[in-house]
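For reference, the structure discussed in these notes is given below.
The values are calculated or read from the model by the stated rules, or taken from the named source; none is laboratory data. Please read these numbers as outputs of a predicted model, since none were measured by experiment. Every residue, glycine among them, receives a Cβ derived from its backbone with ideal geometry; neighbour counts consider all protein chains shown.
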Amino acid sequence: MAPADAPDRRDARGVPTRRRRWTDLLVAAGTAVVTLGLLLGLPPLDAMDPDTTDTMGAGPGFPDVGGTAWTLLAITLVAQSALLLGARRAPRSVLLAVGALPILLALVSTSAAFGLTALPVVVAVVLATLRVPLSRLWPAVAGSAVLVAVGTGITWAHGSGAMRSGVVSGLGASAGQGVLQAVGAVGLPLVVTLIVRSRRELRAARRAESDARTAAADARTAAADARTAEAAALAREQDARVEAAVSRERAAMARELHDIAAHHLSGIALMSAVVDRQIDTDPDGAHEGVRQVREQSTAVLEDLRRLVGLLRDDTPAETVVETVAGIVDLVEAARTRSAVELSVQPGDHPLADGIGPLTQLVAYRTVQEALANVALHAAGAPCRVTVDDRDPGHLTVRVENGVPTAPSVGSSPSGGNGLRGMRERAELVGARLQVGPTGDGGWTVELVTAREARPAADTSADAPEVAG
């Protein structure tokens, strides 16, 4: 036996199997109770009115309770009710069987209560019509109507005495009564059930249409929510892009500000320290140092003004792009602070030929930052700047200083931005940056950047080979 908490099976419409069985049992039991109750109640009622004549004609009246005719009729009614239990599985077969049983009863016994056998036929018609389409049910309905008409005709012919004049004439005289009984037991229930079924299907169609509209509305709402979520996601993505762009611009501005301030202000700090020592012993040298401080201050103000002009939209700005050739002027300006030697090793092509403007700016800023670090951290140390342009595939810029011979001027407590800026610039153009101490206690900064195009004078790769 299945456990009590096991899930019940359901049919195609979702009705539990257990409920269907109880419904079939109640229908069959109810039909049996009603027909047997009428069979028990009609004889006493008929006996209470002696003036009532038999509706079937001058034949036998209602059978006595417990008699043979009564018992056979009761068995037929119970058998018809029992057949209704299978109306869900085989409605057409049950309909024919329920209509055929009264014929067997009419052949062995007749009584005025024979009409009670039409009640199970009515129930069978209703059950079959609710469960089977009329296009497939009509042969069973027609057959059941014929069986009801035949059974009623036989009973009425025996009861009215029409059989005395012959079987054919008796059946012909009772045909009308059989047809009326068939119309009442089969035709009317069929029409009423079809009307009820059509109304039920109409309600189901309207309910399905309403559900479809609700589902469509839910789908539209979900689509609108999806579009809203997509728009929000796009807005968040756009905000993220803007924030990333702002972060990149901030980093670029920080690098530019650091390069400008570190280069010029380190020179100003160094020259101010020299002026402080010369002001009493060497007034002419002190005056020269003050003039250099003024020049450096003017230069840093010009660079800052140019940078601010680039950031503002309402004022025209003068844009000056530094190149590798500008390293010469950069070294000349740095010689006012320390001993700097410049070595340019050109190749068979113009200086920095095939190096893009952004890469040349990176090389310029790298040398500028390296010279500023030498002035701040390696005071008095010899410094050498080398621009090696001999290789046709890349350009090398190197800044190397020796051991410092004077105390350091000092730096910002948050130092390290210069080296980080040089690395970021090198990564931006795909260059290789090497920074670190040398074997003799100095420091070196080397930037190697590839050329974007072959130098104009380098035609060896394209020259044809000549046979010896």
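Does region 415-429 include one or more residues that are in a strand (DSSP E or B), modelled with pLDDT of 75 or more and either among the small types (Gly, Ala, Ser) or within 21 Å of ARG384 (Cα to Cα) (or both)? No, the conditions are met nowhere in region 415-429.
Would you check if there is a residue in region 217-237 being assigned to a helix (DSSP H, G or I), at pLDDT below 90, among the acidic types (Asp, Glu) and assigned by TED's automatic domain parsing to the domain that holds PHE114? The answer is no, given that none of the residues of region 217-237 is assigned to a helix (DSSP H, G or I), at pLDDT below 90, among the acidic types (Asp, Glu) and assigned by TED's automatic domain parsing to the domain that holds PHE114.
For VAL186, indicate whether it is out of contact with any helix residue (DSSP H, G or I) (no Cβ under 8 Å at 6 or more places or on another chain) and in the same structural domain as PRO133 (by TED's automatic domain parsing). Against the criterion (out of contact with any helix residue (DSSP H, G or I) (no Cβ under 8 Å at 6 or more places or on another chain) and in the same structural domain as PRO133 (by TED's automatic domain parsing)), VAL186 does not qualify.
Only a single criterion out of (1) modelled with pLDDT of 65 or more; (2) surrounded by 15 or more Cβ atoms within 10 Å (Cβ to Cβ); (3) in contact with a helix residue (DSSP H, G or I) (Cβ under 8 Å, 6 or more places away or on another chain) is not satisfied by VAL409, namely (1).
Within region 306-334, restricting attention to residues that are surrounded by 13 or more Cβ atoms within 10 Å (Cβ to Cβ) and in a loop (DSSP other than H, G, I, E, B), the residue that is modelled with the lowest pLDDT is ALA317.
Taking the criterion of being out of contact with any Lys or Arg (no Cβ under 9 Å at 6 or more places or on another chain) and not aliphatic (A, V, I, L, M), the residues of region 99-137 that qualify are GLY99, PRO102, SER109, THR110, SER111, PHE114, GLY115, THR117, PRO120, PRO133, SER135.
A quick yes/no check of all residues on (1) under 27 Å from ARG20 (Cα atoms); (2) surrounded by 18 or more Cβ atoms within 10 Å (Cβ to Cβ); (3) modelled with pLDDT of 90 or more; (4) among the hydroxyl-bearing types (Ser, Thr, Tyr):
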position	(1), (2), (3), (4)
LEU104	no, no, no, no
LEU107	no, no, no, no
PHE114	no, yes, no, no
VAL141	yes, yes, no, no
SER144	yes, yes, no, yes
LEU147	no, yes, no, no
VAL150	no, yes, no, no
GLY166	no, no, no, no
ALA182	no, yes, no, no
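Within region 128-136, can one find any residue that is of a type in the set (Val, Ile, Thr) and either modelled with pLDDT under 85 or assigned to a helix (DSSP H, G or I) (or both)? Yes. ARG432 passes every criterion in (1) at pLDDT 90 or above; (2) surrounded by 15 or more Cβ atoms within 10 Å (Cβ to Cβ) apart from (2). Could you tell me whether any residue of region 91-104 is over 13 Å from LEU147 (Cα atoms) and within 52 Å of the chain's Cα centre (by Cα)? Yes, region 91-104 contains a residue that is over 13 Å from LEU147 (Cα atoms) and within 52 Å of the chain's Cα centre (by Cα).
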